1. Set Lys and Arg Cβ to +1 and Asp and Glu Cβ to -1, take the dipole of segment 53-150 about its Cα centre, and tell me which of VAL77, THR104, SER134 lies farthest positive.
2. So who's got an amide H within less than 5 Å of the one on LEU71, skipping anything under 5 residues away but keeping other chains? H placed 1.01 Å off N, in plane.
3. Evaluate the charge dipole of segment 39-140 about its Cα centre and quote only its size in Debye, nearest 20, assuming +1 on the Cβ of each Lys and Arg and -1 on the Cβ of each Asp and Glu.
4. With a point put 7 Å past each Cα toward its Cβ, work out how far ARG117 is from SER200 in nm, to one decimal.
5. With all protein chains present, how much of the accessible area of segment 206-274 (probe radius 1.4 Å) comes from carbon and sulfur, to the nearest whole percent?
Amino acid sequence: MTAKGSAPAGGEPFAAFRAWLASHRGDVSVVAGDGAGCRLSHLPDVPRVLASTIKVVPLLAYTTAVVAGGLDPDEPVRVGDWDAFHPFDGDGPLGAGAHHRALTSLGIACDEYGVARDPERLVPLDAIATAMISVSDNAAPDYLRARLGDEAADPAFRREVLDRVRGEPISAEAEWAWTQKTARGTAARLFAFHRHLATSDTPAAALARRKLGGDPLYKGGSLPRTRGFGLSADGGTVAVLFTGTDFPDVPLPGLGLAILSDLDAFAWDLGVRR
């Protein structure tokens, strides 16, 4: 099969990644199936840092609540209440962090750290869920978690987070130590979740698919020395989590399509049989 928009697995920009992959097999977990019975699995049960790939979980929780009538996507939300779950001095480059991009995409003025200048502005609840996926806003899943009934970030936790991020820039080793304390999961479970999102006929999954972009369905994530994504296209699904240094900077959605288009090539790089 050839996935939509895919590039040959051996061609640029993925040749450099495949070369890195062949010499870093222990740093990569992959589970992929092309929809025609062909499957690739490499270190599927090794826990790795999930970064923003985990946001598909609150996404499905949100769409399930919307379909059940527990949340109204058109409900006006005070921006200050959303901002309250953004306890950072910034979540990216000044003036270009994820929450800053989320607010500015909605036409809401904010400071360089991504805090709204007018906290009384109103946005529809659905815009918060959209920002969680479209720009990977980090305040959105915490806000939705609170609305869905899970315990929100309490004051002690918020003080701890603030203390950890203040004083940046920090060393690369300190960043890596911090990253390793964040949420972990396996490629096998990420694959199963994305497979459910892609194939389930429930209204909640259908709504989640629209939030993920339709075709392909994609959510990626990155932290220091960490990359990952889940993707579904043309009946196939792939989940990849990898950790290390010096890996080539490649477009992760394109990489997922390339893997689905040539499972044999990537299986060879990983030293496994499909």
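The values are calculated or read from the model by the stated rules, or taken from the named source; none is laboratory data. Worth saying up front: this structure is predicted, and the values here are computed from it rather than measured. As a convention, Cβ positions derive from the backbone with ideal geometry for all residues, glycine included, and neighbour counts pool all protein chains shown. Ligands, DNA and RNA are stripped out before the accessible areas are found, and what is left, the full protein with its side chains, is counted by its heavy atoms. Shrake-Rupley method; radii C 1.70, N 1.55, O 1.52, S 1.80 Å.
1. SER134
2. VAL66
3. For this selection, approximately 480 debye.
4. Spacing of the two 7 Å Cα→Cβ label points: 4.2 nm.
5. 49 percent
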